[in-house]
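Enquirer: Attaching a single structure in structure tokens format; questions to follow.
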Amino acid sequence: ATAGAVKIEPNVVFAGIVVAVVCAAVAFLLNRPSRTFTDAGVGGTVGNEYDAWTEEGILEYYWGEHIHLGYYDQDDLNSVLKPWKSGKVFKDTKFKFIEEMYQWSGAEVNSGGAPQTILDVGCGIGGTSRYLANKLKDKGTQVTGITLSPKQVARASELAAERGLTNAKFQVMDALKMDFPDNSFDLVWGCESGEHMPDKAAYVKEMTRVLKPGGTLVIATWCQRELEKGQEFTSSEKNKLQFLYDEWAHPYFISIEEYERLCAATGKLSAISGANWVKETIAAWRHSIWVGVWDPWIVIVKGFTSKMGPRVWWKTIREIVTLERMHRAFDSGLMTYGMIKARKSPSA
């Protein structure tokens with residue numbers, strides 16, 4: 001006789017199989033991108049997704065008025081895991097990012113003072129536009145923000161009116177086919193909008209076209225690593241990038257160096273310079289997860305009150321997974337945080 005044999009009940013085996021199947025199904029769904037870029041229809045995937053995010057309200061609740069990464073110093077990093085400070089610091093770092101980007105751009109040096117006309121390309125719900133409009137309102141500066149999302153324009157305009165900012169206005173417009181005349185703006189600002197552009201060269205050319213001679217172009221954008229001549233991404237890296245393209249409606253990324261080459265190719269930009277701000281911004285990915293951990297209630301409530309119903313919970317889980325994948329891509333060097341600035345030649 002065999003001593004010590006363990007008998008496993010059939011119901012335990014069945015439960016184990018069910019759990020394994022469910023876990024496999026969840027993993028399969030989480031690895032299957034859900035928002036592949038397309039420019040079909042009015043606004044395409046980008047406009048539609050930002051309309052949905054704006055109407056839903058969860059993104060604004062956590063990220064505030066600025067749908068871009070923040071700029072972190074050590075004090076900010078120390079606050080990420082402190083529930084009583086984390087949410088406020090998460091939003092404050094975005095204001096800090098705008099100020100750092102503005103100073104880094106050299107716009108006031110190039111213009112001999114505060115830029116009188118600013119274009120915010122891909123303005124979201126207008127956080128940056130309103131910040132700059134308020135900062136420079138006593139200098140006579142006028143700020144225009146454009147986006148593909150009508151709901152973002154409505155929300156941006158509403159918030160500007162609440163703050164009495166008459167020098168900030170917002171329009172629905174395609175950044176690749178702008179209605180503005182040549183040489184219209186002293187500062188053209190693109191913060192985390194290049195990622196969504198299906199033609200990066202046209203993106204740079206069009207912003208350069210509406211920039212005044214002597215004016216400043218500044219871009220902040222997620223980039224992928226520059227490859228050496230003859231080098232290719234590994235199969236694993238290609239899969240990671242493809243997921244990041246397809247989950248958040250990105251057609252593709254390019255490198256910081258390629259943005260510099262596109263600027264040079266216009267023949268109208270000089271003093272072209274690029275930088276990688278991954279060290280200053282990478283904390284935002286996991287910080288955005290922690291603010292939801294510390295304050296999950298809006299997501300819970302939206303599952304009962306929004307028109308999406310409980311589907312909002314699944315969508316939130318997908319966002320958490322993507323945020324973590326973004327962190328890992330930047331942390332590994334597969335992705336970089338691109339900062340590009342240039343000045344339009346006075347004679348252009």
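The values are calculated or read from the model by the stated rules, or taken from the named source; none is laboratory data. Remember, it's a predicted structure, so these values are computed and weren't measured experimentally. Glycine gets a Cβ as well: all are built from the backbone with ideal geometry, and neighbour counts include every protein chain shown. Just the protein is used for accessible areas: all its heavy atoms, side chains included, with ligands, DNA and RNA removed. Shrake-Rupley method; radii C 1.70, N 1.55, O 1.52, S 1.80 Å.
Enquirer: Can you tell me which residue among ALA175, ALA249 is of a type in the set (A, V, I, L, M), in contact with a Ser or Thr (Cβ under 7 Å, 6 or more places away or on another chain) and within 24 Å of ARG328 (Cβ to Cβ)?
Expert: Of ALA175, ALA249, the one residue that is of a type in the set (A, V, I, L, M), in contact with a Ser or Thr (Cβ under 7 Å, 6 or more places away or on another chain) and within 24 Å of ARG328 (Cβ to Cβ) is ALA249.
Enquirer: Now a separate question. Is it the case that ALA271 is open to solvent by 30 Å² or more (accessible area, probe 1.4 Å), closer than 26 Å to ALA114 by Cβ and over 21 Å from the mean Cα position of the chain (by Cα)?
Expert: Criteria met by ALA271.
Enquirer: Does TRP285 qualify as being under 19 Å from LYS94 (Cα atoms) and either open to solvent by less than 30 Å² (accessible area, probe 1.4 Å) or not aliphatic (A, V, I, L, M) (or both)?
Expert: Against the criterion (under 19 Å from LYS94 (Cα atoms) and either open to solvent by less than 30 Å² (accessible area, probe 1.4 Å) or not aliphatic (A, V, I, L, M) (or both)), TRP285 qualifies.
Enquirer: Identify all residues within region 326-348 that are under 17 Å from TRP277 (Cα atoms) and part of a loop (DSSP other than H, G, I, E, B); write none if there are none.
Expert: GLY333, LEU334, listed by residue number.
Enquirer: Another question, if that's okay. Examine region 239-247 for a residue that is in a loop (DSSP other than H, G, I, E, B) and modelled with pLDDT of 95 or more, and state whether such a residue exists.
Expert: no
Enquirer: While we're on this one: Those residues that are touching a residue at least 24 places away in the same chain (Cβ under 8 Å) and open to solvent by less than 60 Å² (accessible area, probe 1.4 Å), I need them from region 301-319; list them, please.
Expert: Passing the criteria: LYS302, SER306, MET308, VAL312, THR316, ARG318.
Enquirer: Residue check, LYS229 against (1) more than 25 Å from SER129 (Cβ to Cβ); (2) open to solvent by less than 50 Å² (accessible area, probe 1.4 Å); (3) part of a loop (DSSP other than H, G, I, E, B), all met but one. Which one?
Expert: Failing condition for LYS229: (2).
Enquirer: Looking only at residues in region 123-165 that are in a strand (DSSP E or B) and hydrophobic (A, V, I, L, M, F, W, C), which one is surrounded by the most Cβ atoms within 10 Å (Cβ to Cβ)?
Expert: VAL143
Enquirer: Moving on. Restrict the check to region 178-199 and report whether at least one residue is open to solvent by less than 10 Å² (accessible area, probe 1.4 Å), in contact (Cβ under 8 Å) with a residue 24 or more places away in the chain, of a type in the set (A, V, I, L, M, F, W, C) and more than 23 Å from LEU269 (Cα to Cα).
Expert: No, region 178-199 contains no residue that is open to solvent by less than 10 Å² (accessible area, probe 1.4 Å), in contact (Cβ under 8 Å) with a residue 24 or more places away in the chain, of a type in the set (A, V, I, L, M, F, W, C) and more than 23 Å from LEU269 (Cα to Cα).
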